[in-house]
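The values are calculated or read from the model by the stated rules, or taken from the named source; none is laboratory data. This is a predicted model, so every value here is computed, not measured. With ideal geometry, Cβ positions are generated from the backbone for all residues, glycine too; neighbour counts draw on all protein chains shown. In case anyone asks, the SASA skips ligands and DNA or RNA and just uses the protein heavy atoms, side chains included. Shrake-Rupley method; radii C 1.70, N 1.55, O 1.52, S 1.80 Å.
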Amino acid sequence: MGAALLQFSLKKQWIHHMITVLVSYLILLVAPAKRSKVIIPVFVMTYLTLGHMHRQFVNYLGWDLGFHTTHMILTIKLYSLSYNLYDGEMLAKGKADRASQKCSNLSLNEIPSFIEFLGYTFNFSTILAGPAFEYKIYKTA
């Protein structure tokens, strides 16, 4: 439903969301949580920054809705998901630092399935304007 909403509002630019989601999920599968908590934020922030720079050169002070507007919500979701997985891994190993202990109620022990991940990232009620919330809140709702 969220992808259809993006297709309706962003036209073909919704593919940027799909690219970001697929690459981020691949990173979660391949990289350990300690590394993915750094790689995913760097990747999504770089992608977002390049989108903003492209808009500055192509459509400066334009009024149309570009992918980068909704991509900011996606960036927050992916950023928090990678840290929640890291917190869950540290708590499971018994090596939790103060931040992991403080966020233990939102930590995740395993990577969500691909369908759950797509549901979270393309949630139609928050895809256009937010708010971005933690995966555990999404799953229990």
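Just a few scattered comments:
- Toward the positive end of the charge dipole of the chain, with +1 on the Cβ of Lys and Arg and -1 on the Cβ of Asp and Glu, the farthest Cα among L61, N123, A92 is that of A92.
- Computed from the C-alpha gyration tensor, the three semi-axes of the ellipsoid equivalent to the chain are 29, 16, 13 Å, from longest to shortest.
- The listed residues F117, F43, F8 rank as F8, F43, F117 when sorted by accessible area, largest first, using a 1.4 Å probe.
- A Förster radius of 35 Å, combined with the Cβ-Cβ distance separating K102 from W63, puts the computed FRET efficiency at roughly 0.25.
- Only helices reaching 18 angstrom along their own axis (Cα) with mean Kyte-Doolittle hydropathy no lower than 0.5 count here, and for the DSSP H runs of the chain these are 15-30.
- Net dipole in debye of the chain [+1 Lys, Arg Cβ; -1 Asp, Glu Cβ; about Cα centre; nearest 20]: 220 debye
- Remark: for residue pairs K11/K37; K102/K139; K77/K139; K11/K34, the C-alpha separation exceeds 24 Å in K11/K37; K11/K34.
- Summing +1 for each Lys or Arg and -1 for each Asp or Glu among the other residues whose beta-carbon sits under 11 angstrom from that of E116 gives 0.
- P(r) for the range 62-106, from all Cα pairs and a bin width of 10 Å, is 26, 34, 20, 14, 6, 0 %, short bins first.
- Full-stretch length increase - I111, K95 - with 0.36 nm per residue and alpha-carbon distance subtracted: 3.8 nm
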